[in-house]
Amino acid sequence: MALLRALAAFLILTLSGLFGFLAGMVETCTGNAPDSLLGFIVTLPLNLLGVALLCWRPNRVAVSLAAIIPALLSISYTIVAIKLLAGMPACTVITGTTEWPPTGNETMLGVAWMATALILWIGLATAMAGGYRGRHDRNANTSD
């Protein structure tokens, strides 16, 4: 069962990682509107679901294998979050050119993407440490 959960988590977290990766890459910022950065609306709940699946009675080998590609994909949106929180204009983050003025949404987008990234990184650390259910099982009273 742990392998099925890990497979489902892999698929969900890879999809989430692709959304996050593309959010910071595929935009022209027409009219200084970085709409693709609103992709956290999809990425954040997918990360929550995927991490919950990984953390429920995890198998460390399965978690390690399931997390490799999503972790690599999440590096891109972690960097996007850091750049936004550092005050870089959103369209500059996406296009790489410095001609863009701030849109006023950089702080909100930075916080949202950082929350999305932290959910994944903390969730992976928790899963590797034994997950939620593993701690509960170790502390359970087995004398019935």
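The values are calculated or read from the model by the stated rules, or taken from the named source; none is laboratory data. Nothing here was measured: the structure is a model prediction, and the numbers come from that model. Neighbour counts are summed over all protein chains in view; Cβ atoms, including those assigned to glycine, are modelled from backbone coordinates with ideal geometry.
So residue 108 ticks every box in (1) under 21 Å from residue 125 (Cβ atoms); (2) part of a helix (DSSP H, G or I) but one. Which box is left unticked?
(1)
Take residue 59 and tell me if it is of a type outside the set (Phe, Trp, Tyr), within 26 Å of residue 2 (Cα to Cα) and at pLDDT 90 or above.
So residue 59 fails the test.
Before we move on, is residue 69 in contact with a helix residue (DSSP H, G or I) (Cβ under 6 Å, 6 or more places away or on another chain) and in a helix (DSSP H, G or I)?
Yes, satisfied.
Conditions tested, residue by residue: (1) of a type in the set (S, T, N, Q); (2) touching a residue at least 60 places away in the same chain (Cβ under 8 Å).
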{"site": "1", "(1), (2)": "no, no"}
{"site": "9", "(1), (2)": "no, no"}
{"site": "22", "(1), (2)": "no, no"}
{"site": "30", "(1), (2)": "yes, no"}
{"site": "39", "(1), (2)": "no, no"}
{"site": "48", "(1), (2)": "no, yes"}
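Go over the candidates 115, 129 one by one and state the one that is small (Gly, Ala, Ser) and either in contact (Cβ under 8 Å) with a residue 12 or more places away in the chain or over 30 Å from residue 2 (Cα atoms) (or both).
None of the others qualify; the one that does is 115.
Take region 97-112 and flag every residue that is surrounded by 14 or more Cβ atoms within 10 Å (Cβ to Cβ) and in contact (Cβ under 8 Å) with a residue 40 or more places away in the chain.
100, 103, 105, 109, 112
Looking only at region 44-88, which residues are charged (D, E, K, R) and closer than 18 Å to residue 22 by Cα?
Of everything in region 44-88, just one residue is charged (D, E, K, R) and closer than 18 Å to residue 22 by Cα, namely 83.
Mind counting the residues in region 1-43 that are small (Gly, Ala, Ser), in a helix (DSSP H, G or I) and within 27 Å of residue 55 (Cβ to Cβ)?
9
Out of 15, 37, report the one residue that is buried (at least 19 other Cβ atoms within 10 Å of the Cβ), within 18 Å of the chain's Cα centre (by Cα) and over 13 Å from residue 119 (Cα atoms).
Result of the check over 15, 37: 37.
Exactly one condition in (1) over 12 Å from the mean Cα position of the chain (by Cα); (2) buried (at least 16 other Cβ atoms within 10 Å of the Cβ) is not met by residue 82; state its number.
Single failed check for residue 82: (2).
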